[in-house]
1. For the range A:381-394: of the residues being crowded, with 21+ Cβ neighbours inside 10 Å and away from chain B (no Cβ under 13 Å), which is modelled with the highest pLDDT?
2. So in the range A:472-500, with the set limited to residues that are outside any helix (DSSP H, G or I) and of a type in the set (D, E, K, R), which one is modelled with the lowest pLDDT?
3. Are any of the residues in the range B:109-124 away from chain A (no Cβ under 12 Å), of a type in the set (Val, Ile, Thr), surrounded by fewer than 24 Cβ atoms within 10 Å (Cβ to Cβ) and not in a helix (DSSP H, G or I)?
4. For the range B:375-387, name all the residues that are buried (at least 24 other Cβ atoms within 10 Å of the Cβ) and either without any contact (Cβ under 8 Å) to a residue 60 or more places away in the chain or in contact with a Gly (Cβ under 7 Å, 6 or more places away or on another chain) (or both).
5. When you check A:Thr430 against the structure, is it crowded, with 22+ Cβ neighbours inside 10 Å, more than 7 Å from chain B (Cβ to nearest Cβ) and either of a type in the set (S, T, N, Q) or not in a helix (DSSP H, G or I) (or both), yes or no?
6. Among the residues of the range B:197-206, which ones are in contact with a Leu (Cβ under 9 Å, 6 or more places away or on another chain), within 14 Å of another protein chain (Cβ to nearest Cβ) and either at positive phi or surrounded by fewer than 23 Cβ atoms within 10 Å (Cβ to Cβ) (or both)?
7. Please tell me if A:Thr443 is closer than 25 Å to A:Thr291 by Cα, in contact (Cβ under 8 Å) with a residue 40 or more places away in the chain and within 7 Å of another protein chain (Cβ to nearest Cβ).
8. Going by the conditions given, is B:Phe221 at the interface with another protein chain (Cβ under 10 Å from one of its Cβ atoms) and closer than 30 Å to B:Ser250 by Cβ?
Amino acid sequence: MNPISSALPSDSLHLDLVTLDLATLSPLILLAAAAVVVMLAAAFYRHPRPVMILTLAGLVLSFTALFLPFLPQGLAGTPSPQVTALLVLDQYALFFTGLIVAATFVVAILCYRYFGGGESRHEALYILLLLAALGGGVLVASSHFASFLLGLELLSISLFALIAYPRFTEHPLEAGIKYLILAGFSSGLLLFGMALVYAQLGTMQFVKIGTMLAAPEETLELYGLAGLALIVAGVGFKLALVPFHMWTPDVYEGAPAPITAFIATVSKGAMLVLLLRYFLMAGAHQSQSITFALSLVAVATILAGNLLALLQNNIKRILAYSSIAQLGYLLVGFLAFDRLAIEAVAYFLTAYFVTMLGAFGVVTVLSEGFNGGSAGEFHGAAERDSDRLADYAGLFWHRPWLAGVFTAMLLSLAGIPLTMGFIGKFYIVTAGVEASLWMPVITLVVGSIIGLFYYMRIIAMMYASGSEAAGEAITLRVAAPSFAESAMLAALVLLLVWLGIFPAQLIDVLGGTMVNLT
Amino acid sequence: MILAALIFIPMAGGLLAWMADRWYPGAAKWFALVTAGIEFVLAIWLWLQSASAMALPAHGGWLGETRAEWIPRFGVSFHLAVDGISLVLVVLTAFLAIVSVACSWTEIQKRVGFFYFNLLWTVAGSVGVFLALDLFLFFFFWELMLVPMYFLIGIWGHENRQYASIKFFIFAQGSGMFMLVAILALVFVHYRSTGVLTFDYFDLLNATLSPSAELWIMLGFFIAFAVKTPIVPFHTWLPDAHTEAPTAGSVILAGVLLKTGAYGLLRFIVPLFPEAAAHFAPVAMVLGATGILYGAFLAFAQTDFKRLVAYTSVSHLGFAVVGIFAWNPWSLGGAVMQMMAHGISTGALFVVAGILQERTHTRDMQRYEGLWSVVPRLAGMGLFFAIAALGLPGMGNFVGEFLVLMGLSTSSSVLASVATVVFVASVVYALALVQKTFHGENKHGWQLHDLSGREMVTLFSMVAITLWLGLYPQPVLNAAPNTANSPPAIAVAHHEVNVE
């Protein structure tokens, strides 16, 4: 796939797509193509197994295509990462696209048994997953309000359908509708915000906004500032930052467990990555009031997430509040706005992806799932997932490996050494201390102390034995995991521990990746 | 390389023990015993090797070093080094590892492999804490040892284990987070003045800090060490954790984990922040003295055997705190001695408590009474270690307490005289312990079998060490940090404080 026409002037800010740009875009194109292929395959041969294999193949191909820009180039010149004004596939975008594709891979595997395996008709799920991943990929690569909105809508619309996929069951349907309303609302806010920024500056390109604001006499006026605030609010809904977090626990609880994993990782991660790019490229971090507001939001998010998690008795709700708190931690690193901050956010986000996928993976594996019978008729064996705290009583004594995986994930969320979560939190605190953000850093410390309570509560429950467990575990709701699921969880734990002990490899990658943003 | 081996041997041994238990039930404890034995032999060998070096007065203090790159992005290296104080603490840790394997021999019946895994990983974490000279590495081990300890209490503990284990974990972990922020603040202050991002202890010793920054950063470290040591307002986790832990957990907690806190005060607080420590020393010494008295007074109010012993730990470690902050040759020697002697004598008392509980299924001293006639050998041991704990001359604790008080009286005679009152209180609790448990008539009709050979060997070796520490303390005192080697500022600053 070497560039054929590398001699061409790569003035690609105009809409003249050349082969070179197609090569650059190939990870996203392959995702889109995979969605089409999977749809056609499902139309002609309705069976979930080949469909899933095709999906996985598409994801693997797209992942491989990420490495194209790193091939030794035959002739002079490397393809420009900027493809039209809309998308920029720089190393920053490539790294996070890789993360999103990998997470989608894990979720696709977790979905298979959960939605009934070969017995059910859940092919459409994979198309939606691929489209959502494509939306995420577009988001992390977008450098323009138009692509921002396109990616966002692609992601959100796929997610409504995914959340409400078991559509004859009450909770997922409720969660889907809640998500639909809130996502629509937040898109509205975003659009209005973009319009206001456009009204002041007359451009929708992040870079141009940045260069205009860099001029000494130019600052955001009331219009632009209000626009920026609306954008932050709209993104805040997606990221479930306090005070825009109300929907999170309900949706997390109601959605099928693997889809919850997807929302917690891909959807949130892509938005955060985009926000960071916007802030750095468009120079939004120079606005004192916005950064001050964001630091207040970070403090509120950490405290509210951790405190509310204490009151929950449902694992999915605890994890939902925990993910709110984790996003608050991320925001602390985010607020440093320098090279270290980007690295910190990238490392923490990677750790967060691995951990959340692992945690919800365990919930998935333990749940019966929705076994579809005849087409469209989901008379699931389970009205709910195995998500009550009591379902986990004494888990260590009858399913030691699964309990071990869950323990590792929870310890990583709590930031205990030997896990990626520890290095991630260390990174974030480092970035915060370096930028002297004392208030958010101290809140982070207090928040993670509070967080220990509920993580330890789950762990204590899993290791409880005898009388402590007997009273709780009346009905043992434990499904048998498939081989693929077990392998996936094992791989996640290995990654979690390996990168927790030897983080230098990932840090080197991040260090090379993140330079070009600032 | 031998330093890294000291950490990795218990880790590998723990994994082996866990694996072995799956294939050969009953093999786990042998693996654990052999691992702890190898660790102990290695540590002793290292001590003998360097004994001559320690006797020399001006040798710089460091006996061995290992350094490897770890996370170059942050200037973090895998940097281990050993000096006298680390060395004696590692020896103590290795010895108590053997003791705790021996005392769990029949006590632990479920999930044996996982138990020894946790035990040995706690040991590995503590050895790492004693050897690490990179602040990141130190923090890594500091947090790492908590998780297996949590499991030891939470899975194999007694009735109220969930509460105690979670409380222990949150206290230790939470205070550790403050230390993390303090470490990073120190590193970045150093980075801004020199442009070198490093977590290395020796580099950070030269960091120049403004007085207020120094005080705040020191407090961040202090809170973590104060929880672990424990210093009085932060001690509330200790009675619960010690009481609910299985015997081996109590032994390791009292003997090793508490020492990591005192070690931190000695290794980091005073050398890294000499001026702030000097200004803070009066406060810390008052807290230490309060702990000495408070722990002793609460001890004799207890009816639970293990709870009583737990409160005596608060009292004994108070001596170590006072000794460290008085910072003169006598008090430092006394502090190190006190750490060693407390590790052995309190460990032994917990072993006695464990043996009693294993046989009687209770820790309530009101239900014991008159056990001397039933289990004379055990009762003799109980008496010996109770007397050791109260500080009778000829045993290790006496040397430690005496030296601390001697050193303390040169800097604050008032505090020294207040702290001396504890000798009355400790006699009361020690004798109360013996009388309630062993003396009197056997009203409850206990019929117990006396110490087995394994238990005799364990306790006799501890008796021998206590006597050795009491009669010939010089080898341990040689290991104590030499004030001549450490930054002189504290001595000077100290002097100024006293003059004021």
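1. It comes out as A:Tyr392.
2. Ranking the candidates gives A:Glu472 first.
3. Taking every residue of the range B:109-124 in turn, none turns out to be away from chain A (no Cβ under 12 Å), of a type in the set (Val, Ile, Thr), surrounded by fewer than 24 Cβ atoms within 10 Å (Cβ to Cβ) and not in a helix (DSSP H, G or I).
4. Answer for the range B:375-387, where residues must be buried (at least 24 other Cβ atoms within 10 Å of the Cβ) and either without any contact (Cβ under 8 Å) to a residue 60 or more places away in the chain or in contact with a Gly (Cβ under 7 Å, 6 or more places away or on another chain) (or both): B:Gly382, B:Ala386.
5. no
6. B:Thr198
7. For A:Thr443, the condition - closer than 25 Å to A:Thr291 by Cα, in contact (Cβ under 8 Å) with a residue 40 or more places away in the chain and within 7 Å of another protein chain (Cβ to nearest Cβ) - is not met.
8. no
The values are calculated or read from the model by the stated rules, or taken from the named source; none is laboratory data. Here the structure is a predicted model, which means the values were calculated and not measured. Because the Cβ atoms are built from the backbone with ideal geometry, glycine has one as well, and the counts that use them run over all protein chains shown.
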